[in-house]
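Working notes for the structure below.
Derivation of every value follows stated rules applied to the coordinates shown; laboratory data play no part. If you're wondering where the values come from, they're calculated on a predicted model, not measured in any experiment. Here the Cβ positions follow ideal geometry from the backbone for every residue, glycine too, while neighbour counts run over all protein chains shown.
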Amino acid sequence: MFNIVLVEPMIPQNTGTIGRLCVNLGATLHLIKPLGFDIDDKAVKRAGLDYWKHLDLVVWESFDAYLEKHPIVTNSYMSTTKTDNLYFNATFKKGDHILFGSESKGLDEKVLLAHPEQCITIPMGPQGRSLNLGVSVGVVLYDALRQNYDGFEKITIKNTQEK
C-alpha cells in the first residue's frame, strides 16, 4: 500500500515497532544503512513480535542507492520538523514513499532544501521538539491510510500456533 523509508535508523525498538505497523497496513519498510543496530537484534524482533517474519523489507546500502532507484518526486514525502507544511495537507496515494530520518539527525537538510514541496511535518506544541520515530510513522501512515481506505483489504496473518 505505502512505502515507509527509514534513513539510518538508530534505535532497534523503533524499527521493530514500525515494522509491525507496516505489516498491519500492508506497507513495505525500506531501511537505509548505516543502521544503528544489527537487523537481527533481539530488540527489533521483540518490538516487532511475530509480525517481523511477515514484513515486506528492503534494505539499502546507502541513501544514494535508494535515491537512484526512487528519486524524490511527487509520490514522495519527507517528514521533518524543518517545515511548516502540515502532513494532513498532503494528498497521499497508494504506493507513495514516506521518508523519515534517523532519531538523532533527521533527514539530510540538503535533500529537504532541494524538495521543499515534498516536506511534511506533524504539529507540536511550543515545548515540543520532536516525537518518537515510531509515533511519527504511525501518525502519518494512518492518515495516509485514512485517505486511501476505500478498497483497503484487512490483512490476515495466520496464527502460527494453530494446528
Here are 91, 15, 80, 28: which of them is under 28 Å from residue 149 (Cβ atoms) and in contact with a Pro (Cβ under 6 Å, 6 or more places away or on another chain)? 15
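Per-residue answers, yes or no, for (1) under 12 Å from the mean Cα position of the chain (by Cα); (2) more than 21 Å from residue 14 (Cβ to Cβ):
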{"residue": "99", "(1), (2)": "yes, no"}
{"residue": "102", "(1), (2)": "yes, no"}
{"residue": "112", "(1), (2)": "no, no"}
{"residue": "117", "(1), (2)": "no, yes"}
{"residue": "124", "(1), (2)": "no, no"}
{"residue": "127", "(1), (2)": "no, yes"}
{"residue": "131", "(1), (2)": "no, no"}
{"residue": "134", "(1), (2)": "yes, no"}
{"residue": "139", "(1), (2)": "yes, no"}
Would you confirm, using the coordinates I've provided, whether residue 104 is in contact (Cβ under 8 Å) with a residue 60 or more places away in the chain and farther than 25 Å from residue 148 by Cβ? yes
Taking the condition buried (at least 16 other Cβ atoms within 10 Å of the Cβ) and over 16 Å from the mean Cα position of the chain (by Cα), does residue 83 pass? yes
Within the stretch 86-100, take every residue that is buried (at least 17 other Cβ atoms within 10 Å of the Cβ) and touching an Asp or Glu at 6+ places or on another chain (Cβ under 9 Å) and give me the one that is nearest to residue 123 (Cα to Cα). 87
Residue 130 vs. criteria exposed (fewer than 13 other Cβ atoms within 10 Å of the Cβ), in a loop (DSSP other than H, G, I, E, B) and of a type in the set (S, T, N, Q): no
Checking the condition in contact (Cβ under 8 Å) with a residue 40 or more places away in the chain, within 29 Å of residue 152 (Cβ to Cβ), among the hydroxyl-bearing types (Ser, Thr, Tyr) and part of a helix (DSSP H, G or I), which residue from 91, 74, 17 passes? 17
